[in-house]
Amino acid sequence: MIEMLNVSKKYPNGITAVNDLTIRIEQGEFVYVVGPSGAGKSTFIKMMYREELPTKGTIKVGDFDLVKMKNKDIPYLRRHVGVVFQDFKLLPKLTVYENIAYAMEVVEKNPKIIKKRVLEVLDLVNLKHKVKMFPNELSGGEQQRIAIARAIANMPRVLICDEPTGNLDPETSWEIMNILEEISNRGTTIIMATHNSQIVNQVRHRVLAIDNGRIVRDQQEGEYGYEA
């Protein structure tokens, strides 16, 4: 489903964030991306949804060739790749319903389909009762659950989560993790960059450890492996 071949990313300031990286992630896998700050995790993640382009190498996500892709085709890629951020990135002047619906409106989905799907994903994240609220009326955990609902509204085949529990307390982090597990069980590929050693060690999945821009460990049912 996701394939990187001899991928490197060197920034104009001379820093090489990713160095000759080759990896394959199959449809339906749940993969943690771990490593120290500055190791290249964010660059690795951003290249999967075409926020960053590699300096060399090839990246394929499903049928999309991300290196050869024209900028005008990026929105089509992002119908298949949902992204969840540490800081939620909800639109403050839109309600919960409108935030999720907006993700479907931009790809011109039928209004009836939008309404049905918004209520479905709100049900999945247990926030149907907050449908008319605005982001500033929600807790951090609720905002992250809405961000996840928005990211899966278009039923992407891949969900990329960049530190999704980074700003949340432990109990709320487990709530988010339970939702991600449910999404994974429905067949979505999940790639989750995280510093949360407890989650990685207790909910075992494949672990990719990145250090100095290289994959130093690729372990099924892996451990976090760093001092928390």
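Please return the ranges of strands (runs of 3 or more DSSP E) entirely within the stretch 21-92 where 3 or more residues are within 17 Å of the chain's Cα centre (by Cα) and touching a residue at least 60 places away in the same chain (Cβ under 8 Å). Walk me through how you get there before you give the answer.
Values: elements: 30-34, 56-61, 81-84.
Per the criteria, 30-34, 81-84.
Does I199 satisfy being under 30 Å from N6 (Cβ atoms) and either crowded, with 20+ Cβ neighbours inside 10 Å or touching a Ser or Thr at 6+ places or on another chain (Cβ under 9 Å) (or both)? Break it down stepwise before answering.
On the way: under 30 Å from N6 (Cβ atoms): no; either crowded, with 20+ Cβ neighbours inside 10 Å or touching a Ser or Thr at 6+ places or on another chain (Cβ under 9 Å) (or both): yes.
Answer is no for this residue.
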Residue within the stretch 70-81 that is open to solvent by less than 60 Å² (accessible area, probe 1.4 Å) and touching a Lys or Arg at 6+ places or on another chain (Cβ under 7 Å) present: yes
Any chance S173 is touching a residue at least 12 places away in the same chain (Cβ under 8 Å), open to solvent by 10 Å² or more (accessible area, probe 1.4 Å) and among the small types (G, A, S): no
Residue match in the stretch 178-187 (condition: under 25 Å from D20 (Cβ atoms) and assigned to a loop (DSSP other than H, G, I, E, B)): no
Test: residue in the stretch 33-56 that is open to solvent by 60 Å² or more (accessible area, probe 1.4 Å), at positive phi and out of contact with any strand residue (DSSP E or B) (no Cβ under 8 Å at 6 or more places or on another chain): yes
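The values are calculated or read from the model by the stated rules, or taken from the named source; none is laboratory data. Owing to the predicted nature of the structure, the values given are computational and were not obtained by experimental measurement. All Cβ positions, glycine included, derive from the backbone under ideal geometry; neighbour counts span all protein chains shown. Heads up: the accessible areas ignore ligands, DNA and RNA and are worked out on the full protein's heavy atoms, side chains in. Shrake-Rupley method; radii C 1.70, N 1.55, O 1.52, S 1.80 Å.
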